[in-house]
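The values are calculated or read from the model by the stated rules, or taken from the named source; none is laboratory data. Quick caveat: nothing in here was measured; it's all calculated off a predicted structure. Positions of Cβ are generated from backbone atoms using ideal geometry, with glycine treated the same way; all protein chains shown enter the neighbour counts. Note: areas computed on protein heavy atoms with side chains; ligands, DNA, RNA excluded. Shrake-Rupley method; radii C 1.70, N 1.55, O 1.52, S 1.80 Å.
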Amino acid sequence: MDGRVTLRTVADHLGLSPTTVSRALKRGDDVNADTIDKVEAAARALGYRPHLGGINLRTGRTHAIGIILPLGGEGDVNKFVASLIEGVSSFLKTIGYRTAVVPLLRDDDPIIVLKELVSENSVDGIILTNTKPQDERVKWLLQTKTPFITFGRTELFSPHAFVDVDHERIGARAGAMMFDAGHSQPLLIAPPEDLTYSMQFRRGWAQIHRERGVDLAPQSVICARNSSNAGLEIASSVLRDRPEITGAFIAHDDTAMGFVSGLRPFGKHVGEDFGIITYGGTRMHSFINPPLSAFTFPHVTTGQSLARLLIKLIQGGRPEELQEVSQADFNDLGSHHLTAKRL
């Protein structure tokens, strides 16, 4: 279809009124979910796109959402970036919004990047990732009353919109599984310690140690950047200095990939004499050799949720009512167990 597809075209195709179609594309609270799904599917199939020029002039909005995404270091692969953008963009496209991706390099000042984006008046709202408990970016956005949503929570008093995964529960479950698999001193390899979800993983990990009556040694928790290079370095250090360690919960699949590579020079094999559980939003864990047991959540769906809730916020929604915490699934591929001959 071409640009002649209008709101009325979609309405006539479905046998609905243009008003209902318009409200459905805005995901209005007065339209039921089935109708919204039907209208969005028809709009995609027919190639409908709102005429943004007239809408922008009439509403003062840009119909663009900015997403600030931190990139890894040189040589580090960040699959999270691509899949989250896919989820955000796939939702926004159905309602005529654009996605403006703002990369955050390792040497960039995140506050300066944020202020520059807001001062340009080029987006209607902002998506942030990698939240911290007392996140300065969030504080600044709250002060300026800029619509925003975060992937991850903070510990700030003022409420804000967010989408998150229950990382504390994952930390506790992973620890229990490692103990049950026979690992008396499992490692937790967590994301950088200043990030909220790293703290949540560590809380859950500490909780299960208390419940099992096991002392949590400080050296049993390692915080590092999320990268395969970091995983390789940690594996080499642990296996050289702490040969008694038999397993680890590696809370990022990039780091896990590097850690598995680091086992080989020491003659260790996953599922035989070293057990691993990992975590992530892709299926990468199932392609590592051997495949790894993993807690998973879908990055694309997360991106869609972030975009959906941010649009509701822009339309006047209350931040405290635009907060979602999901549970991760566990894919048991047996990599955290040790074979009988090694027990």
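Run down I55, I95 and say which single residue is touching a helix residue (DSSP H, G or I) at 6+ places or on another chain (Cβ under 6 Å) and either under 19 Å from L7 (Cα atoms) or modelled with pLDDT under 75 (or both). Walk me through it before giving the result.
Values: I55 fails: touching a helix residue (DSSP H, G or I) at 6+ places or on another chain (Cβ under 6 Å).
After ruling out the rest, the residue left standing is I95.
Residues are listed down the side, and each one gets a yes or a no for (1) within 19 Å of R169 (Cβ to Cβ); (2) of a type in the set (D, E, K, R):
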| residue | (1), (2) |
| --- | --- |
| G267 | no, no |
| D273 | no, yes |
| V300 | no, no |
| G303 | no, no |
| Q323 | yes, no |
| H336 | yes, no |
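Quick one: would you say P290 is open to solvent by 30 Å² or more (accessible area, probe 1.4 Å), part of a loop (DSSP other than H, G, I, E, B) and not small (G, A, S)?
On the way: open to solvent by 30 Å² or more (accessible area, probe 1.4 Å): yes; part of a loop (DSSP other than H, G, I, E, B): yes; not small (G, A, S): yes.
So P290 passes the test.
Do we have any residue at all in the stretch 312-320 that's in a loop (DSSP other than H, G, I, E, B), more than 15 Å from the chain's Cα centre (by Cα), of a type in the set (A, V, I, L, M, F, W, C) and surrounded by 14 or more Cβ atoms within 10 Å (Cβ to Cβ)?
No, every residue in the stretch 312-320 fails to be in a loop (DSSP other than H, G, I, E, B), more than 15 Å from the chain's Cα centre (by Cα), of a type in the set (A, V, I, L, M, F, W, C) and surrounded by 14 or more Cβ atoms within 10 Å (Cβ to Cβ).
Could you look through the stretch 1-43, keep only residues that are assigned to a helix (DSSP H, G or I) and touching a residue at least 40 places away in the same chain (Cβ under 8 Å), and pick out the one that is most open to solvent (accessible area, probe 1.4 Å)? Walk me through how you get there before you give the answer.
We begin by selecting, within the stretch 1-43, every residue assigned to a helix (DSSP H, G or I); these are 7-14, 18-25, 33-43.
Checking which are touching a residue at least 40 places away in the same chain (Cβ under 8 Å) leaves us with 7, 25, 40, 43.
Details: L7: 47, L25: 15, E40: 12, A43: 3 Å².
This residue is L7.
Being at pLDDT below 90 and open to solvent by 70 Å² or more (accessible area, probe 1.4 Å) is the filter here; which residues of the stretch 104-113 pass it? Outline the logic, then answer.
First pass over the stretch 104-113, keeping only residues at pLDDT below 90: 104-108.
Passing the criteria: L105, R106, D107.
Being at pLDDT below 95 and either closer than 26 Å to R283 by Cβ or in contact with a Lys or Arg (Cβ under 6 Å, 6 or more places away or on another chain) (or both) is the requirement here; does D215 meet it? So that I can check it myself, show each step before the final result.
Working: at pLDDT below 95: yes; either closer than 26 Å to R283 by Cβ or in contact with a Lys or Arg (Cβ under 6 Å, 6 or more places away or on another chain) (or both): no.
Taking the combined requirement at face value, the residue does not satisfy it.
Name the strands (runs of 3 or more DSSP E) wholly within the stretch 114-222 that hold at least 1 residues that are open to solvent by less than 10 Å² (accessible area, probe 1.4 Å) and free of Cβ contacts under 8 Å to residues at least 24 places away in the same chain?
Numbers: elements: 125-128, 148-151, 161-165, 187-190.
It comes to 148-151.
Of all the residues that make up the stretch 59-78, how many are at pLDDT below 85 and either part of a loop (DSSP other than H, G, I, E, B) or surrounded by 15 or more Cβ atoms within 10 Å (Cβ to Cβ) (or both)?
So the first thing to find is which residues in the stretch 59-78 are at pLDDT below 85, and the list is 59-62, 69-78.
Next cut, either part of a loop (DSSP other than H, G, I, E, B) or surrounded by 15 or more Cβ atoms within 10 Å (Cβ to Cβ) (or both) only: 60-62, 69-78.
Total meeting the criteria: 13.
Looking only at the stretch 254-290, count every residue that is modelled with pLDDT under 90 and under 27 Å from V165 (Cβ atoms) and tell me the total.
Final tally of qualifying residues: 13.
Can you name every residue in the stretch 235-249 that is open to solvent by 20 Å² or more (accessible area, probe 1.4 Å) and at pLDDT 90 or above?
Hits for the stretch 235-249 are S236, S237, R240, D241, R242, T246.
Working only within the stretch 122-148, note down all residues that are on the phi > 0 side of the Ramachandran plot and touching a Ser or Thr at 6+ places or on another chain (Cβ under 9 Å).
If we filter the stretch 122-148 for residues that are on the phi > 0 side of the Ramachandran plot, which is where we start, we get 130, 145.
Matches in the stretch 122-148: N130 only.
I'd like the full set of residues that are open to solvent by 10 Å² or more (accessible area, probe 1.4 Å) and either polar (S, T, N, Q) or part of a strand (DSSP E or B) (or both), limited to the stretch 250-278.
Those that are open to solvent by 10 Å² or more (accessible area, probe 1.4 Å) and either polar (S, T, N, Q) or part of a strand (DSSP E or B) (or both): S261, V270.
Within the set of pairs 6+ apart or on separate chains, which have a first residue in the stretch 88-102 that is on the phi > 0 side of the Ramachandran plot, a second that is modelled with pLDDT under 90, and C-beta atoms under 7 Å apart?
G96/R49; G96/P50; G96/L52; G96/H63
Within the stretch 321-333, track down each residue that is open to solvent by 30 Å² or more (accessible area, probe 1.4 Å) and either without any contact (Cβ under 8 Å) to a residue 24 or more places away in the chain or part of a loop (DSSP other than H, G, I, E, B) (or both). So that I can check it myself, show each step before the final result.
Residues of the stretch 321-333 that are open to solvent by 30 Å² or more (accessible area, probe 1.4 Å), as a first pass: 321, 323-327, 329-333.
Selection gives E321, Q327, D332, L333.
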